[in-house]
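This report concerns only the one structure given below.
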């Protein structure tokens with residue numbers, strides 16, 4: 001559907017120098033077609049469009065008998081637009097004395113009028129010619145629009161944006177029918193199994209060629225979980241035993257270890273600082289003449 005314009009008082013006001021509104025397709029109306037003619041006064045003259053049960057075209061004019069007969073040719077515009085499949089209906093009315101006149105011949109290009117009783121008068125007459133429009137002899141209209149309930153369906157399906165309390169019922173077109181409601185294809189499939197909300201959705205193939213084990217399709221970018229800081233008791237790591245005795249002094253603090261992001265390397269900066277401090281203490285003790293545990297055994 002193109003657009004829905006629904007005004008409470010007025011609908012659409014359009015104006016333009018070459019045209020105000022151009023419709024490339026059939027125009028449907030369910031009310032009067034009104035024209036306003038400027039007559040130089042404060043109120044314009046109201047005119048109504050003539051209607052018909054057929055798509056017709058018409059022309060009219062005045063002609064004069066010459067010695068009781070005359071052939072009238074249609075204007076080119078009428079002759080080109082009138083259908084050749086159906087006869088043109090012509091009405092003639094004499095405007096002067098005669099024996100009466102009749103149509104002696106009719107074609108798609110014109111007609112011939114003759115006077116009754118082989119009269120020879122030169123009276124004038126008026127004529128009106130009406131025929132079906134060429135190409136529209138048998139118009140086929142969409143039945144869902146011709147249907148009497150069309151406007152009610154539109155009112156139910158569409159929604160006024162100013163109304164924040166209710167919603168439109170929706171509209172869809174299928175198999176030549178206008179249906180009020182939501183198309184079944186947009187509704188949840190009752191036969192479709194529920195998806196695990198914690199299951200990752202399929203992704204695109206990784207640039208580096210890695211496989212995403214958490215993707216149902218096995219592809220897509222896979223990001224490992226972030227590394228966590230680990231704190232381990234010092235006695236579990238013999239690297240803190242600076243004297244290689246297998247025992248750890250109880251007065252040394254627990255050293256935190258930082259695990260890298262998947263590289264397998266472990267940085268133990270605090271341990272190096274503790275060892276360096278222990279070595280400095282041993283050197284200082286030796287310089288002062290103090291005995292180390294090994295020297296004590298020797299003594």
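A short reminder: the numbers here are calculations on the coordinates, not readings from a lab. Just so it is clear, the structure is predicted and the values come from calculations on it, not from any experiment. Every residue, glycine among them, receives a Cβ derived from its backbone with ideal geometry; neighbour counts consider all protein chains shown.
Over region 1-100, what is the relative contact order in percent, taking alpha-carbon pairs closer than 8 angstrom and at least six residues apart? Write down the numbers at each step before the final one.
Details: 37 pairs, mean separation 12.1, N = 100.
Dividing the mean separation by the residue count of region 1-100 yields 12 percent.
With 10 angstrom as the radius, rank 150, 13 by how many other C-beta atoms surround their C-beta, starting from the fewest.
Working: 150 16, 13 7.
Lowest count first: 13, 150.
Arrange 10, 172, 102 by Cβ neighbour counts within 10 Å, fewest through most, would you? Present the calculation step by step, with values, prior to reporting the outcome.
Details: 10 6, 172 16, 102 10.
Ordered by Cβ neighbours within 10 Å, fewest first: 10, 102, 172.
Between residue 44 and residue 9, with labels modelled 7 Å along Cα→Cβ, what's the label distance in nm to one decimal, could you check?
So the label points at residue 44 and residue 9 sit 1.8 nm apart.
Rg (Å, one decimal) plus Dmax (Å, integer) for the alpha carbons of region 101-189?
Spelled out, the Cα radius of gyration and Dmax of region 101-189 are 27.9, 86 Å.
If you average the C-alpha positions of region 14-54 and of region 57-120 separately, how far apart do those two centres end up, in angstrom?
Going from one Cα centre to the other spans 31 Å.
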